[in-house]
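A.B. asks: Have a look at the structure that comes next, please.
The values are calculated or read from the model by the stated rules, or taken from the named source; none is laboratory data. Note that the structure is predicted; figures quoted are calculated from it, not measured. Neighbour counts run over all protein chains shown; Cβ positions are idealised from the backbone, glycine included. Surface accessibility is based on the protein's heavy atoms, side chains included, excluding ligands, DNA and RNA. Shrake-Rupley method; radii C 1.70, N 1.55, O 1.52, S 1.80 Å.
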Amino acid sequence: MHPRILITLTFTSLLASFVIPPPAFALELTPDAMEQQLLQATPLPLHDVRLTGGPLLLAQQLDGKYLLDLEPERMLAYYRKEAGLPTAAEPYGGWDGGGRNLTGHVAGHYLSAVSLMWAATGDPRFKERADLVVRGLQEVQDAHGDGYLCALEGGRECWADVRQGNIRSGGFDLNGLWAPWYTLHKTFAGLRDAYRFTDNPTALAIEIKFAAWVESLLAPLNTTQIQKMLETEFGGMNEVMVDLYADTQDPRWLNLSYKFEHLAITGPLALHQDILPGKHGNTQVPKLIGTLDRYIHTGRTPDLLAAAFFWNRVVQHHSFATGGHGTDEYFGRPDQFTDRIDGRTAESCNVYNMLKLTRRMFALHPNETYAAFHERALFNHILGSIDPENGETCYMVPVGRGVQREYTNLFHSFTCCIGTGMESHALHGDGIFYESGDTLYLNIYTPSTAHWQSRQTRLELQTEFPIGETATLLVEPDHPQELTLAIRRPAWAGDGFEVRINTHTADNTEPDTATPETPPGSYVRIRRTWHPGDQLHIRLPKRLRLEPLPDNPNRTALLWGPLVLAGDLGPERGRGRNTPAQERIPVFVAANRPVEEWLLPVEDKPGHFRTAGVGQPRDVDFVPFFQLHRRTYAVYWDLFTPDSWALAEAEYAAEQERQRQLEEATIAYVQPGEMQPERDFNYQAADGVRIVRALDQPGRRGGDWFAFDLPTDPKHPMALVITYFSGERRRGAETFEILVDGQAIAAEQIESSQPERLYPMQYPIPPALAQGKERVTIRFQKAGTSGAIPGIYGIRLIHTPTQPETSR
């Protein structure tokens, strides 16, 4: 956003500015005063906005019911246990269970969610829940006596090692615990939100004591040790420390935020270097939320440079049509999507956090580009992540061909995306309206009411959007007054867009009351004296359009206005063994033809379409992405001309058949280096094993050994298919062994070769090793003192005979 500033900043000076607390002059203004000076707009508070209809309200209601069905004492059980207090209920399991889990993260998410839901609905039951959790956390903290507040088993031992500078990690873990700072961040955020949204002073007092414990823990560590610690996932710890500074005006918490500034990420981003490829997506987004928050409260330029550049790169160069990003949870190369759209894409936590960052960016610089991403991600991914029938939320909301959503059990799994989902659907009123002096921005078209308190004006937005194409804004000032309403004209709203004041078209009123000929992707600014009962009538015509991948113009998503359309490919196919093979994914022989010629509306079903004679092997029904649940679907589609399809049909069919056979033969597939599959298959390792990436695919390498537990099917011959990287660099006679339940089935040395590629090797499993077993342990270990484990980029257990995969 500010490229000329970069000329005067060296990398060294930027890093120093991130580490060294701001000079005295930067703190002459209080954090509140700095925020008021820098923000050009602020969202109307959640307390003053109410949803009144539409799919966002339904999602909010389903989330609210879920929050009231949960039992707070079960979330607090491990907190109480670690403090030596009696527990009042059986703890929840899944990721919130005991052992090497994110134990305690759900209580933090829940405290945030019920606090936000109280603000969003005014239902006193949510405030009662928030107060109950705060009281429970206070009892736990008092029992510890030193400010400590953690539910992790082995937490004290982990933090004692950290205090001594003993820091070990294989990726997400820290000293034997899985992402402990990430878990603590949820507790901090819950306390912050309880203070801010329910006016609970006890929550702030607990948070201050907790922060003092963190301060003392990290005080002995030098910068090198701190940066090593930050190589693990730590959520938004910098964010909550900056927010605590804002809530208390105490600079010690601002100083503490610098202990959570990951220089390897924020430094290059501030220099406008895209270092995202190969980075874990949701590990990075919260860091930049904290960095931007610190800019808002201090005005430090490097913070804005890093956060603004990050937002631009993620949205413009790393995101799919639905607003999600990441394959197997990781960023790939910018604008390179052709080989990344299929499989496990678009994690919901990432989008939740990107929307938080987006709303802050709009507040700093009210620009339609930020509002457009807010609308896109909200009406596609976020709405698409919750089942409108039962409220189950999704971990992944994939965008590929022949994919299906990853719904999670709301009362057993407690994944990270269940946690952010609790909060996400309480935030739908955030950012519909923004105020800036006597100007009100309308950003999101959804049925709602709002009280613009500073201008003593009530508003009601009536619309059937996102399916409908009109909206009416009723304006009810307490008395006639001159105001500016900035009505968003989305970039997708072309010919036919119109704004009328009462019965008059805005562009035909006096010159000082409207901006005539407002282009798409901007705001119609209407300044006039508004009277009670005035109305704005807005027409939002949607048209069909293609949105091809930047690196493949013939692989495209289909959109209707802001809504991504999903092609219905039939019922869900189940998961795991004995799953029916995927039918052939249709392609469309329609390249170079206008989309409205071959994608036709279905009569009496707004938003529903069907291809007309262009599908091979069949035509396809399309509906808005957020509406298609419990089905197999595709978002991206391949386009051909008749001539190009005649040449490609045989090859295309052969590749799909090869993939079908591989899937049919697969018993289990593990993606090393990806958090969820590693947990699903009980990843175990010695020290020194690290996450690596090759050609955008994660893997594990190094250390003495690592292992996974895989299900078996001993009724059939089986083999392991291991994916390696041809660019592996040998250093002497590095050998390793592959073992099944402790017995070696292969010894290998991996040679490097060109061109670089991922390639499979197949290893038969002696039948006796699996006889009578439901699971076996697959272990990779170095051979002897000079051995080493190379990068392992995929582990597939298959029935044989079959052809090995060429890549995942």
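This table checks each residue for (1) open to solvent by less than 20 Å² (accessible area, probe 1.4 Å); (2) of a type outside the set (Ser, Thr, Tyr); (3) at pLDDT 95 or above.
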residue: PHE126; (1), (2), (3): yes, yes, yes
residue: ARG135; (1), (2), (3): no, yes, yes
residue: CYS150; (1), (2), (3): yes, yes, yes
residue: GLU153; (1), (2), (3): no, yes, yes
residue: ASP173; (1), (2), (3): no, yes, no
residue: TYR182; (1), (2), (3): yes, no, yes
residue: HIS185; (1), (2), (3): yes, yes, yes
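A.B. asks: In this structure, is ASP342 among the charged types (D, E, K, R) and within 27 Å of VAL240 (Cα to Cα)?
C.D. replies: no
A.B. asks: If you go through segment 82-94 one residue at a time, how many are over 14 Å from GLN138 (Cα atoms) and not in a loop (DSSP other than H, G, I, E, B)?
C.D. replies: The number of residues fulfilling the criteria is 1.
A.B. asks: Also, quick follow-up: Hey, can you tell me all the residues within segment 526-550 that are assigned to a loop (DSSP other than H, G, I, E, B) and open to solvent by 50 Å² or more (accessible area, probe 1.4 Å)?
C.D. replies: Within segment 526-550, HIS531, PRO532, ARG543, PRO550 qualify.
A.B. asks: Assess whether VAL315 counts as being within 30 Å of LEU39 (Cβ to Cβ), assigned to a helix (DSSP H, G or I), in contact with a helix residue (DSSP H, G or I) (Cβ under 8 Å, 6 or more places away or on another chain) and open to solvent by less than 20 Å² (accessible area, probe 1.4 Å).
C.D. replies: Considered against the rule, which asks whether it is within 30 Å of LEU39 (Cβ to Cβ), assigned to a helix (DSSP H, G or I), in contact with a helix residue (DSSP H, G or I) (Cβ under 8 Å, 6 or more places away or on another chain) and open to solvent by less than 20 Å² (accessible area, probe 1.4 Å), VAL315 comes out as no.
A.B. asks: Residue check: is THR470 closer than 28 Å to LEU116 by Cβ and polar (S, T, N, Q)?
C.D. replies: no
A.B. asks: Let me ask something additional. Being among the small types (Gly, Ala, Ser), in contact with a helix residue (DSSP H, G or I) (Cβ under 7 Å, 6 or more places away or on another chain) and either open to solvent by 10 Å² or more (accessible area, probe 1.4 Å) or at pLDDT 95 or above (or both) is the requirement here; does ALA377 meet it?
C.D. replies: Yes, satisfied.
A.B. asks: Can you name the number of the only condition in (1) assigned to a loop (DSSP other than H, G, I, E, B); (2) among the β-branched types (Val, Ile, Thr); (3) open to solvent by 10 Å² or more (accessible area, probe 1.4 Å) that THR369 fails?
C.D. replies: (1)
A.B. asks: In segment 28-56, which residue that is surrounded by 15 or more Cβ atoms within 10 Å (Cβ to Cβ) and among the charged types (D, E, K, R) is modelled with the lowest pLDDT?
C.D. replies: Among them, the one singled out is GLU35.
A.B. asks: Quick check on my filter: what residues within segment 234-255 are of a type outside the set (Gly, Ala, Ser), open to solvent by less than 10 Å² (accessible area, probe 1.4 Å) and either free of Cβ contacts under 8 Å to residues at least 12 places away in the same chain or part of a loop (DSSP other than H, G, I, E, B) (or both)?
C.D. replies: Listed by number, the list holds a single entry, PHE234.
A.B. asks: Can you spot a residue in segment 417-434 that is closer than 22 Å to LEU540 by Cα, open to solvent by 10 Å² or more (accessible area, probe 1.4 Å) and in contact (Cβ under 8 Å) with a residue 12 or more places away in the chain?
C.D. replies: Yes: one or more hits.
A.B. asks: Is there a residue in segment 143-158 that is more than 30 Å from GLU215 (Cα to Cα) and touching a residue at least 60 places away in the same chain (Cβ under 8 Å)?
C.D. replies: No, every residue in segment 143-158 fails to be more than 30 Å from GLU215 (Cα to Cα) and touching a residue at least 60 places away in the same chain (Cβ under 8 Å).
A.B. asks: Hey, could you check segment 734-744 for residues that are in contact with a helix residue (DSSP H, G or I) (Cβ under 8 Å, 6 or more places away or on another chain) and open to solvent by 40 Å² or more (accessible area, probe 1.4 Å) and say which is farthest from VAL776 (Cα to Cα)?
C.D. replies: In this case the residue turns out to be GLN743.
A.B. asks: Go through (1) crowded, with 24+ Cβ neighbours inside 10 Å; (2) among the acidic types (Asp, Glu); (3) within 25 Å of LEU546 (Cβ to Cβ) for GLU347 and report which single condition fails.
C.D. replies: Failing condition for GLU347: (3).
A.B. asks: Taking into account only those residues within segment 664-678 that are assigned to a helix (DSSP H, G or I) and surrounded by 16 or more Cβ atoms within 10 Å (Cβ to Cβ), which is farthest from the chain's Cα centre (by Cα)?
C.D. replies: Per the stated criteria, the residue is ALA665.
For every residue, the table says whether it meets (1) assigned to a loop (DSSP other than H, G, I, E, B); (2) more than 30 Å from LEU56 (Cβ to Cβ).
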residue: LEU565; (1), (2): no, no
residue: GLY570; (1), (2): no, no
residue: ILE585; (1), (2): yes, yes
residue: ASP604; (1), (2): yes, no
residue: TRP637; (1), (2): no, no
residue: GLU651; (1), (2): no, yes
residue: GLU655; (1), (2): no, yes
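A.B. asks: Mind telling me which of the residues TYR352, TYR395 ends up being touching a helix residue (DSSP H, G or I) at 6+ places or on another chain (Cβ under 8 Å) and open to solvent by 10 Å² or more (accessible area, probe 1.4 Å)?
C.D. replies: It is TYR352.
A.B. asks: Go through segment 754-777 and count every residue that is of a type outside the set (A, V, I, L, M, F, W, C), open to solvent by 50 Å² or more (accessible area, probe 1.4 Å), in contact with a strand residue (DSSP E or B) (Cβ under 9 Å, 6 or more places away or on another chain) and free of Cβ contacts under 8 Å to residues at least 60 places away in the same chain.
C.D. replies: 4
A.B. asks: To continue, here is another question. Against the definition (among the charged types (D, E, K, R) and more than 21 Å from VAL351 (Cβ to Cβ)), how does GLU464 come out, yes or no?
C.D. replies: It is true that GLU464 is among the charged types (D, E, K, R) and more than 21 Å from VAL351 (Cβ to Cβ).
A.B. asks: Ok, one more. When TRP598 is evaluated against the numbered criteria (1) at positive phi; (2) open to solvent by less than 30 Å² (accessible area, probe 1.4 Å), which criterion, by number, is the only one it fails?
C.D. replies: Every condition holds for TRP598 apart from (1).
A.B. asks: Here's something else I'd like to know. So in segment 111-124, with the set limited to residues that are out of contact with any Phe, Trp or Tyr (no Cβ under 9 Å at 6 or more places or on another chain) and more than 13 Å from LYS65 (Cα to Cα), which one is least open to solvent (accessible area, probe 1.4 Å)?
C.D. replies: Selected residue: LEU111.
A.B. asks: Quick check on segment 196-203. Is at least one of its residues in a helix (DSSP H, G or I), under 24 Å from ASP32 (Cα atoms) and open to solvent by less than 10 Å² (accessible area, probe 1.4 Å)?
C.D. replies: Yes: one or more hits.
A.B. asks: Considering segment 474-501 alone, what residues qualify as being open to solvent by less than 50 Å² (accessible area, probe 1.4 Å) and either outside any strand (DSSP E or B) or among the small types (Gly, Ala, Ser) (or both)?
C.D. replies: If the condition is that a residue be open to solvent by less than 50 Å² (accessible area, probe 1.4 Å) and either outside any strand (DSSP E or B) or among the small types (Gly, Ala, Ser) (or both), then ALA486, PRO490, TRP492, ALA493, GLY494, GLY496, PHE497 are the ones that fit.
A.B. asks: Could I ask something else about it? Does ALA160 fit the bill of being at pLDDT 95 or above and surrounded by 21 or more Cβ atoms within 10 Å (Cβ to Cβ)?
C.D. replies: In short, no.
A.B. asks: Pick from segment 704-720 the residues that are more than 31 Å from the chain's Cα centre (by Cα) and open to solvent by less than 20 Å² (accessible area, probe 1.4 Å): which of them is farthest from SER752 (Cα to Cα)?
C.D. replies: Once the filter is applied, the top-ranked residue is THR712.
A.B. asks: Could you run through segment 28-61 and say how many residues are over 19 Å from LYS356 (Cα atoms), of a type outside the set (A, V, I, L, M, F, W, C) and in a loop (DSSP other than H, G, I, E, B)?
C.D. replies: Adding up the residues that qualify gives 4.
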